[in-house]
Amino acid sequence: MSKGAFWAVLLALGLIGPALAADQGAADEAGADKAQQEYVQKVRALHWVKGPAQVAVGGNSTLQLPEGYLYLDAANTAKYEELNENFSSGKEVFVAPSDLSWNAYLEFSDDGYVKDDEKIDAPAILKTLTQNTEEANEERRRRGWADMHVVGWSIPPAYNAETKRLEWATLLRSRGGEGTNFFTKVLGRRGVTTVVLVSRPEDTTAAVKDLNQVLTGYQFNAGDTYADYKPGDKVAEYGLTGLIVGGAVAAAVKTGMLKGLWKMIAAAGAALWKFLVAAVVAAVAGLKSLFKRKSAA
């Protein structure tokens, strides 16, 4: 029950008068406004980089950030994720349009060359993701965050052998509604770059199109593309399925390393889920002035 509804019930029961109910309602609204202002101030304090600019994604790749888009390095991305009740690996970087209508998180994992000859069993993978996410809710509750649940595929996983990209989208549900996570896994010679696009379900189609345009400026350094693989290079202990459920988890199951599996789950597939909380949408108007008049130094 919301606080507003609580005061309305007390008023209906005759336990408080109309004046007190109105005063309490106003106080609750003021408290919400204060919380939003504090959120905006914390987001303003981050070190934002405005496009056009060349930015680092991993140790072996870069992104040409277009005009009208924003970037946060790994340290500032971790702070932004904490503000929005999202787990962080500490290695992700953040990219978004200046209105923050969608968020994208990019991270390179140097697990080695991933062989792309594996068949994808979408129903079995969805079951694993659902179970892992429910287990991850234990950690979310410990932090005082809302539970997150996997509803199902928005886009079933599919691999493009020409572009060397594995893509899928999952519909999530948490406090305040539903959200979509669209994943792109870009395979390289020494590992994989994960791109997680976070949007509202109704915005996903447009957001994916926008993100794909931004990713035309992404590239591995010379010699580090998937086609540059040479015999003797490090090969990942998992395949395409592992890219979806979390490479660390897949490798642990394969080798029988079950002890401490929760920590790997929290650091892999389940921890990748991101959500656009209501505070982001509500605060955008207050942030626009920052992005229009001020650039990161």
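Quick note: the coordinates plus some simple rules give every number you see, no bench work behind them. Keep in mind that this is a model prediction, so the values were computed, not measured. Note that we place each Cβ from the backbone using ideal geometry, even for glycine, and neighbour counts take in every protein chain shown.
Remarks
- Of LEU83, THR62, ALA96, farthest towards positive along the dipole that unit charges on Lys, Arg, Asp, Glu beta carbons give the stretch 55-97: THR62
- Highest average packing first - 190-198, 208-216, Cβ atoms within 10 Å: 190-198, 208-216
- Using the Cβ of LEU187 as centre and a radius below 9 Å, the other residues enclosed give a net charge of +3, where K and R count +1 and D and E count -1.
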